Amino acid sequence: MNTLILGVGNLLLSDEAVGVRIVEALEREYRFAPGIELLDGGTAGMELLEAMASRDHIIVADAVLSANPPGTVVTLEDEEIPALFGRKISPHQLGLADVLSALQLTGESPRRLTLVGVEPLSLEPRIGLTPVVAAAMGEAKARILTLLAELGCPAIPLTETEREAAWHNPI
């Protein structure tokens with residue numbers, strides 16, 4: 001399975017960072033099967049072209065403006081995602097839309113695309129998630145883990161010892 005879990009977001013804009021924080025938490029807490037790659041895409045756009053090319057599945061974690069209450073977790077799949085690019089659902093949608101269009105032109109589109117988004121409360125300049133969005137991270141992570149399990153690639157929780165070893169020696 002050639003799957004990319006891509007977290008996007010701006011760490012300087014409060015809840016805008018939720019996608020990056022989700023990927024960081026998954027990396028800290030789980031071991032993934034070969035062929036599952038996690039990537040902090042930050043605010044990159046076309047720079048992600050190579051990382052996203054020719055994937056079986058791309059799962060994007062991001063802040064999503066969905067008109068739902070703050071902290072709501074939404075999951076969109078395949079055709080639902082480009083259809084929503086007509087209205088602003090994510091501060092990164094232009095960059096991601098450009099990358100997805102370029103991948104389509106080169107014949108390197110992912111076979112499957114999933115967006116797991118969290119409705120932000122604040123996009124104000126501030127480091128740190130609001131409590132309501134931080135609390136929603138658990139549900140967003142669970143949805144990503146469920147997707148991986150459905151693909152036959154369940155993530156394995158790290159033991160406390162493994163977490164401590166990774167924290168003390170990140171290399």
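The values are calculated or read from the model by the stated rules, or taken from the named source; none is laboratory data. Everything quoted here is computed from the prediction, not taken from an experiment. Please note: Cβ atoms are built from the backbone with ideal geometry, for glycine as well, and neighbour counts cover all protein chains shown. We work out accessible area using only protein heavy atoms, side chains counted, and drop any ligands, DNA or RNA first. Shrake-Rupley method; radii C 1.70, N 1.55, O 1.52, S 1.80 Å.
Considering only region 111-151, state which residues are buried (at least 16 other Cβ atoms within 10 Å of the Cβ), at pLDDT 95 or above and assigned to a loop (DSSP other than H, G, I, E, B).
Listed by number, the residues that qualify are E119, P120, L121, S122, L129, T130.
Among the residues of region 51-76, count how many are surrounded by fewer than 24 Cβ atoms within 10 Å (Cβ to Cβ), in contact (Cβ under 8 Å) with a residue 60 or more places away in the chain and aliphatic (A, V, I, L, M).
1
Consider E108 carefully, then state whether it is under 20 Å from I81 (Cβ atoms), charged (D, E, K, R), in a loop (DSSP other than H, G, I, E, B) and open to solvent by 50 Å² or more (accessible area, probe 1.4 Å). If you could, list the steps in order and put the result at the bottom.
Working: under 20 Å from I81 (Cβ atoms): yes; charged (D, E, K, R): yes; in a loop (DSSP other than H, G, I, E, B): yes; open to solvent by 50 Å² or more (accessible area, probe 1.4 Å): yes.
When the stated conditions are applied, E108 passes them.
Assess whether G86 counts as being more than 13 Å from the chain's Cα centre (by Cα), at pLDDT below 90 and either surrounded by 15 or more Cβ atoms within 10 Å (Cβ to Cβ) or more than 17 Å from L4 (Cβ to Cβ) (or both).
Answer is yes for this residue.
Among T114, T161, which is among the β-branched types (V, I, T) and closer than 19 Å to G35 by Cβ?
Values: T161 fails: closer than 19 Å to G35 by Cβ.
Exactly one residue qualifies, and that residue is T114.
In region 11-49, what residues are modelled with pLDDT under 90 and outside any strand (DSSP E or B)?
Result: T43, A44, G45, M46, E47, L48, L49.
So which residues in region 152-168 are surrounded by 13 or more Cβ atoms within 10 Å (Cβ to Cβ) and closer than 20 Å to H57 by Cα?
In the first step, residues of region 152-168 are kept if they are surrounded by 13 or more Cβ atoms within 10 Å (Cβ to Cβ); the result is 153-155, 158, 162-163, 166.
If the condition is that a residue be surrounded by 13 or more Cβ atoms within 10 Å (Cβ to Cβ) and closer than 20 Å to H57 by Cα, then C153, P154, A155 are the ones that fit.
Got at least one residue in region 50-71 being in a loop (DSSP other than H, G, I, E, B) and under 14 Å from the mean Cα position of the chain (by Cα)?
Residues of region 50-71 that are in a loop (DSSP other than H, G, I, E, B), as a first pass: 53-56, 64-71.
Checking which are under 14 Å from the mean Cα position of the chain (by Cα) leaves us with 64.
Yes, region 50-71 has at least one match.
Of everything in region 10-36, what is open to solvent by less than 10 Å² (accessible area, probe 1.4 Å) and of a type in the set (D, E)? Give them in sequence order. Working first, answer last.
To start, the set of residues in region 10-36 that are open to solvent by less than 10 Å² (accessible area, probe 1.4 Å) comprises 14-20, 22-23, 25-26.
Matches in region 10-36: D15, E16.
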